[in-house]
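Engineer: Take a look at the following structure, please.
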Amino acid sequence: MSSQNLSLRLGVLISGSGSNLQAIIEAIESQQLPGIKVALVVSNKADAYGLQRALKHNLPAIYLPWEQRPVGAQFIAPEIIAPKLTMSESESRLTTLLHLFQVDLIVLAGWMRILSAAFLEQFPQRVINIHPALLPDDGTGSTFTTKNGIQIPAFRGLHAVRQALDAGVKITGSCVHFVTPEVDAGPVICQEEVVIEEGDTEETLHERLKVVEHRLIVKAVGGLKVLHEPA
Ligand code: GRF
């Protein structure tokens, strides 16, 4: 079977604006990703703008509440202070949804919740993430070497854009990588460097990084389609 005939159903998980989701949708609509569909969009936030983007394109879009307890809440009855689903309840609902919508590849596109090892084990090599910093090719290690041979820290976790600015590095970037239980430490699929400009703020730099991400995520998803050829 030629890769043109294969199909790949994406489950896109978001928490916010969804501009990367939009890039995927536009690439699909302009025939850049033949055989690829957005099967489902899930947000852990009811007011995530990405949900509106999905609905505008008639895509199934679901709000799935996710545990986020205030600091100290573990000392108080959780159902009183945060009557939301626990992480494992949310994950098991998410699993059910992903199976129901026959998702082949899960794309974390600004998804702000950690997924457990038990969840990830169910989808080996089938969960990818967009991260606004550069990571070593195999995902591990504390530094990244730029094309010009400069070593910079591998910024992981929250506020990676701010971390790069605070560290005073001249180059940062974005990557798409496989998700493993250790946060932002899975093998890199593709990445691109971005020069930090004089006077950049977290916002201006993040906007430029997102332009790059929109290219990277389309490239990554298109490349992975071949990997997911049914046996
Ligand atoms: C992106 O910058 C991505 O790297 C990070 O979250 C942001 C999501 O942006 N993980 P958007 O919601 O796709 O606009």
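Every number here is computed from the coordinates shown, using simple stated rules; none is lab data. Bear in mind the structure is a predicted one, so any value in this text is a computation, not a measurement. Using ideal geometry, Cβ is built from the backbone for each residue, glycine included, and neighbour counts are taken over all protein chains shown.
Engineer: Whose amide H sits under 5 Å from the amide H of ALA185, counting only residues 5 or more places off or on another chain, with H placed in the peptide plane?
Structural biologist: Residues meeting the amide H criterion: THR180.
Engineer: Before rounding to the nearest 500, sum -39500 (n - 2.57) across all DSSP H runs of length at least 4 in the chain and divide by the residue total; then give [θ] at 222 nm in deg cm²/dmol.
Structural biologist: -10000 deg cm²/dmol
Engineer: Where q = 0.18 Å⁻¹, what log10 of I(q)/I(0) comes from the Debye formula for segment 107-231, counting one point per Cα?
Structural biologist: -0.94
Engineer: Return the whole-Å distance between the Cα centroid of segment 98-125 and the Cα centroid of segment 177-217.
Structural biologist: Here the two parts' Cα centres lie 20 Å apart.
Engineer: Among the lysines in the chain, how many pairs, 8 or more places apart or on different chains, have alpha carbons under 26 Å apart?
Structural biologist: Summing the qualifying lysine pairs gives 18.
Engineer: Something else about it: Which of THR180, GLY16, ALA164 sits closest to the plus end of the dipole of the chain, meaning its Cα is farthest towards the positive end, when Lys and Arg get +1 and Asp and Glu get -1 on the C-beta?
Structural biologist: Ranked along the dipole, the leading option is GLY16.
Engineer: So what J values fall out for segment 119-126 if you push phi through Karplus, 6.51 cos²θ - 1.76 cosθ + 1.60 with θ = phi - 60°, rounded to Hz, Gly and Pro as x?
Structural biologist: Along segment 119-126, the couplings run 5, 4, 4, 6, 10, x, 6, 10 Hz.
Engineer: Just for the chain, what percent of DSSP beta bridges are antiparallel, to the closest 5?
Structural biologist: Close to 45 percent.
Engineer: I would also like to ask the following. How far, in nm, would the chain grow between THR145 and GLN125 when pulled straight, counting 0.36 nm per residue and subtracting the alpha carbon separation?
Structural biologist: The span from THR145 to GLN125 would gain 4.7 nm if fully extended.
Engineer: Nearest 20 debye, what's the magnitude of the dipole of the chain about its Cα centre given +1 on Lys and Arg Cβ and -1 on Asp and Glu Cβ?
Structural biologist: 500
Engineer: Choose one answer from LEU216, LEU59, LEU51: the residue with the largest mean-square fluctuation in a GNM of the chain with alpha-carbon springs under 10 Å.
Structural biologist: It is LEU59.
Engineer: For LEU55 and MET87, compute 0.36 nm times the residue count separating them, minus their Cα-Cα distance, and round to one decimal in nm.
Structural biologist: Using 0.36 nm per residue and subtracting the Cα-Cα distance, I get 8.9 nm.
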